[in-house]
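Some notes on the structure that comes next.
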Amino acid sequence: MIIICTGIRRERTAHCRRLPAVLIAAALAVVPLAGCSSLAPVNTQEARVLHLTIDSRLVHGAMPLTLVTPAGGGAHRPLLVFLHGVVYDNNTQLTDQMFAALHTLGPRAPDIAFPYGDASYWVNSADGAWASYVLHEVIPKALTVLNADPRWVAIGGISMGGYGA
C-alpha cells in the first residue's frame, strides 16, 4: 500500500492524490528480495546516505533513521518515507537495485527516509505511538535535514510497513 499526501498540515489533515510514476518506481525499487543478502559493498551510485538518530518522545527512545539523497543532490525533491517489514530493518532496503533505480530516475528521483519501527506494525499502540512518530517526528526531521519539498510526501512500505502506510 502506498499513499501520497500533499499539503500536510499541523491539523493532521491532508489532500491525497495519485502517486506520480516516479514515486511508484522508487517505492518498488526499494523492496528487497526476501532472503537475499550480501556482504559485498553496496554501489550507492553517488547517492548520499545519512544515518541519524531521533530522540523520540512518542516511542520513548533513540530511534535510527537512514536518509538517502540521490546523486546530484539538490533541495526540493519529493520525499518518500519507506516503512520496513517485520523481518527487515531500515538498512536492508539499501540495495544495489534501489540505488540503481534512483540513479535511473535522475533529477526526478525522490529523497528517501527509512525509519526503524521495531515490530510495531507502524500503528499507535500501548507499545508506542508509531504512526504519530512517523508523521510528527520522522517526516519533519527528514524534510528539514534533506530540504525536501513538504508538498510532496509519500509513505510506502513492505509487509508490516505496507500495513502501516
- Looking at (1) in a loop (DSSP other than H, G, I, E, B); (2) of a type outside the set (Gly, Ala, Ser); (3) surrounded by fewer than 16 Cβ atoms within 10 Å (Cβ to Cβ), which is the one condition that is false for Val145? (1)
- So which residues in segment 116-158 are out of contact with any His (no Cβ under 8 Å at 6 or more places or on another chain) and closer than 14 Å to Val87 by Cα? Asp118, Ala119, Ser120, Tyr121, Trp122
- Query: Of these, Arg108, Arg77, which one is in contact (Cβ under 8 Å) with a residue 24 or more places away in the chain and out of contact with any helix residue (DSSP H, G or I) (no Cβ under 7 Å at 6 or more places or on another chain)?
  - Reply: Arg77
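For segment 42-106, give me every one of the strands (runs of 3 or more DSSP E) that falls completely inside it and has 1 or more residues that are over 23 Å from Gly162 (Cα atoms).
Counting at least 1 such residues, we get 48-56, 61-69.
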- Restricted to segment 106-128, and to residues that are among the hydrophobic types (A, V, I, L, M, F, W, C) and surrounded by fewer than 18 Cβ atoms within 10 Å (Cβ to Cβ), which residue is modelled with the highest pLDDT? Val123
- Kindly establish whether Thr95 is at pLDDT 95 or above and among the hydroxyl-bearing types (Ser, Thr, Tyr). no
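Select, from Val49, Val81, Val31, Val59, the only residue that is surrounded by 15 or more Cβ atoms within 10 Å (Cβ to Cβ) and modelled with pLDDT under 85.
Val31
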- Query: Which of the residues belonging to segment 111-142 are in a strand (DSSP E or B) and either in contact (Cβ under 8 Å) with a residue 40 or more places away in the chain or on the phi > 0 side of the Ramachandran plot (or both)?
  - Reply: Asp111, Ile112, Ala113, Phe114, Pro115, Gly128, Ala129
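The values are calculated or read from the model by the stated rules, or taken from the named source; none is laboratory data. Bear in mind that the values here come from a model prediction, so they are computed numbers and not experimental data. When we count neighbours, we look across all protein chains shown, and the Cβ atoms used for this are built from the backbone with ideal geometry, even at glycine.
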